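The values are calculated or read from the model by the stated rules, or taken from the named source; none is laboratory data. In this text the structure is predicted, and so the values were computed from the model without any measurement. So basically every Cβ, Gly included, is an ideal-geometry build from the backbone, and we count neighbours across all protein chains shown.
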Amino acid sequence: MITISTIDIQEGAIGTKRQTGRPPETYLPLPPATFHILLALADEELHGYAIMKGVAARSEGTVRLGPGTLYGTLKRLLEAGLVEEGGERADPERGDERRRYYRLTQLGLCVARAEARRLDAMVRAARRKKLIGVRPA
Amino acid sequence: MSAERIYGLLLRAYPPEFRAEYEREMVLLFRDQCRESDVRTFGFWVAVIGDVVRSAPALRVEAWRAHASENTQTVEVIMKLAAMLTLLLGGVIGILNAAVEWVAASQQSISGTHEVSIVLGVLASALLLAAGVAIVNRTQRGRQVARLAVIASLVTIVIARLLFPWMSVLSQLVGIGLPVALLIALYWPQRASPLGAA
């Protein structure tokens with residue numbers, strides 16, 4: 001049996017403790033900030049500032065992560081095994097100090113996909129109920 | 001005072017372990033924010049302080065919980081070691097005590113029930129020794145054997161006490177007090193540990 005870490009999510013916080021073989025669905029629902037971070041890391045390694053900028057851009061400014069929220073969430077995701085460090089290097093675009101990069105693990109990718117499916121199902125339900133996708137009269 | 005120095009002071013709200021790991025990265029990120037925002041505005045500092053207020057208490061609580069968990073584990077390990085030593089010492093002292101009682105009794109006329117109670121006392125001590133050895137074998141089966149041996153020792157010494165009511169205080173402490181203390185030590189930490197570590 002593969003040993004992985006688990007996260008318990010309560011009111012926007014993720015607590016960590018070691019357990020074995022927990023399916024991705026049991027991590028859901030993810031707090032919005034956590035899902036945004038996983039989404040930002042879905043296709044590339046990023047450093048903290050790039051994650052922050054990506055989240056702000058993707059959410060059209062509605063989700064703004066400060067350093068404390070960002071690194072607090074990253075710490076929990078690292079401990080839970082959803083994210084791993086990808087080493088330190090300078091950002092070629094910024095060309096300044098070396099920064100720590102983060103990337104998604106296989107488990108992190110599975111959890112992000114599970115959360116995306118959950119949200120997709122909710123959006124489809126909302127559409128069936130005509131809460132979205134119809135022009136107001 | 002520069003914005004970065006003020007932020008450095010605000011970072012003290014975070015637990016030391018978290019600061020040691022992420023302070024440099026957070027300051028770098030704050031520096032980036034300062035480059036792209038006007039640090040003289042009220043809104044900028046409301047957002048900065050709001051971020052600290054939202055994130056620091058939760059991280060403090062997590063750090064406190066982690067410490068509490070480590071302490072529980074440490075207490076558990078100490079209790080297990082103490083239990084092992086107590087059992088082994090209890091077994092040895094119990095057998096020696098029974099031998100002393102046997103020698104003292106043999107100088108007078110010794111009754112049958114007295115003989116039986118001393119033999120039961122030796123048996124109880126041997127069971128304590130067996131429990132001590134079983135605990136050294138740190139498996140679940142070892143723990144079960146240890147529990148059974150301690151319970152058997154307790155029952156045996158109670159029977160000995162009922163057969164011969166003039167047992168010494170030392171015999172009673174070693175024979176009854178130790179198994180009871182050990183039963184508590186073997187059961188209670190097992191439930192209290194968040195990891196269920198043996």
Starting from the range A:114-133, keep only residues that are more than 20 Å from A:Tyr27 (Cβ to Cβ), then list their pairs with residues that are surrounded by 11 or more Cβ atoms within 10 Å (Cβ to Cβ) and basic (Lys, Arg) whose Cβ atoms are within a distance under 6 Å, requiring at least 6 positions of separation or different chains. A:Gly133/A:Arg127
Inspect the range A:3-22 for any residue being acidic (Asp, Glu) and at pLDDT 50 or above and give the result as yes or no. no
B:Ala58 is checked against (1) farther than 19 Å from A:Ile51 by Cα; (2) of a type outside the set (Phe, Trp, Tyr); (3) at the interface with chain A (Cβ under 9 Å from one of its Cβ atoms); (4) touching a residue at least 12 places away in the same chain (Cβ under 8 Å) and fails just one. What number does that condition carry? (4)
Selected residue (criterion: surrounded by the most Cβ atoms within 10 Å (Cβ to Cβ)) from residues of the range B:1-23 that are under 34 Å from the mean Cα position of the chain (by Cα) and hydrophobic (A, V, I, L, M, F, W, C): B:Phe18
Going by the structure shown, is B:Arg40 closer than 30 Å to B:Ile135 by Cβ, charged (D, E, K, R) and modelled with pLDDT of 75 or more? no
Restricting to the range A:87-99, count the residues that are in contact with a Leu (Cβ under 9 Å, 6 or more places away or on another chain) and either under 24 Å from B:Gly50 (Cβ atoms) or in contact (Cβ under 8 Å) with a residue 12 or more places away in the chain (or both). 1
Out of all the residues in the range B:100-109, is one or more part of a helix (DSSP H, G or I) and under 17 Å from B:Gly90 (Cα atoms)? yes
Pull out all pairs, ordered by first then second residue, where Cβ-Cβ is under 8 Å, the residues are six or more apart or on different chains, the first lies in the range A:54-78 and is away from chain B (no Cβ under 12 Å), and the second is outside any helix (DSSP H, G or I). A:Gly54/A:Leu46; A:Val55/A:Val63; A:Val55/A:Arg64; A:Val55/A:Leu65; A:Leu77/A:Ile7; A:Leu77/A:Ile14; A:Leu77/A:Val83
Might you let me know whether the range A:102-109 holds any residue that is within 14 Å of chain B (Cβ to nearest Cβ), touching a Leu at 6+ places or on another chain (Cβ under 8 Å) and surrounded by 15 or more Cβ atoms within 10 Å (Cβ to Cβ)? yes
